[in-house]
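Shown next, in structure tokens, is the structure this report addresses.
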Amino acid sequence: MKNNFILWFIISMVIMLILPLLAISFVKVDAGMAVCFILFFAVNPIYSVIMGVFVGKNIKRLWGMPVVSAVLFLLGSWIFFSMSEKAFLLYAGVYLILGIAAMTISMIIQRIVQR
């Protein structure tokens, strides 16, 4: 089951670190803002919820993944965009809350189903 943590860590690295790198490397300046909006307002929140749902099914081993994912987002956005931008803290906090909420709901549903 430890492989699940490694799998989710790799997926988080790809979504939170590699996608911003690809956005700044291959997207033209004109479309860069649109791609960032898609990442920040669609891809990352959806990933946080999906990850939280799957983590809630194995919460004993994967409980830290929402935190890891939010920290990876923070690192990626500060490295690739702007280190001094404090708004990324807000985004990371929202992704953390979404992941924890989805994890908690998934855990509760899993316990109800097991009864």
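The values are calculated or read from the model by the stated rules, or taken from the named source; none is laboratory data. Just so it is clear, the model here is predicted, and its values are computed rather than measured. Note: ideal-geometry Cβ built from the backbone for every residue, glycine included; neighbour counts use all protein chains shown. Heavy atoms of the whole protein, side chains included, go into the accessibility calculation; ligands, DNA and RNA do not. Shrake-Rupley method; radii C 1.70, N 1.55, O 1.52, S 1.80 Å.
Observations
- From the list Ser106, Ser69, the one residue that fits, being open to solvent by less than 60 Å² (accessible area, probe 1.4 Å), farther than 19 Å from Val35 by Cα and touching a Lys or Arg at 6+ places or on another chain (Cβ under 8 Å), is Ser106.
- Gln114 vs. criteria loosely packed, with under 15 Cβ neighbours inside 10 Å and touching a residue at least 24 places away in the same chain (Cβ under 8 Å): no
- Considering residues of the stretch 1-14 that are open to solvent by 90 Å² or more (accessible area, probe 1.4 Å) and in contact with a helix residue (DSSP H, G or I) (Cβ under 8 Å, 6 or more places away or on another chain) only, the residue modelled with the highest pLDDT: Lys2
- Residue satisfying condition, being under 19 Å from Leu21 (Cα atoms), in contact (Cβ under 8 Å) with a residue 24 or more places away in the chain and among the aliphatic types (A, V, I, L, M), within set Ala101, Ala92, Ala70: Ala70
- Filtered residues of the stretch 19-51 (kept if without any contact (Cβ under 8 Å) to a residue 12 or more places away in the chain and either in contact with a Phe, Trp or Tyr (Cβ under 7 Å, 6 or more places away or on another chain) or of a type in the set (A, V, I, L, M) (or both)): Leu22, Val27, Val29, Ala31, Met33, Ala34, Ile38, Ala42, Ile46
- Failed item, numbered, when Ser82 is tested on (1) within 27 Å of Asn4 (Cα to Cα); (2) open to solvent by 30 Å² or more (accessible area, probe 1.4 Å); (3) of a type in the set (S, T, N, Q): (1)
- Taken over the stretch 15-55, the residue count meeting the criterion of being open to solvent by 40 Å² or more (accessible area, probe 1.4 Å), of a type outside the set (A, V, I, L, M) and within 18 Å of Ala101 (Cβ to Cβ) is 2.
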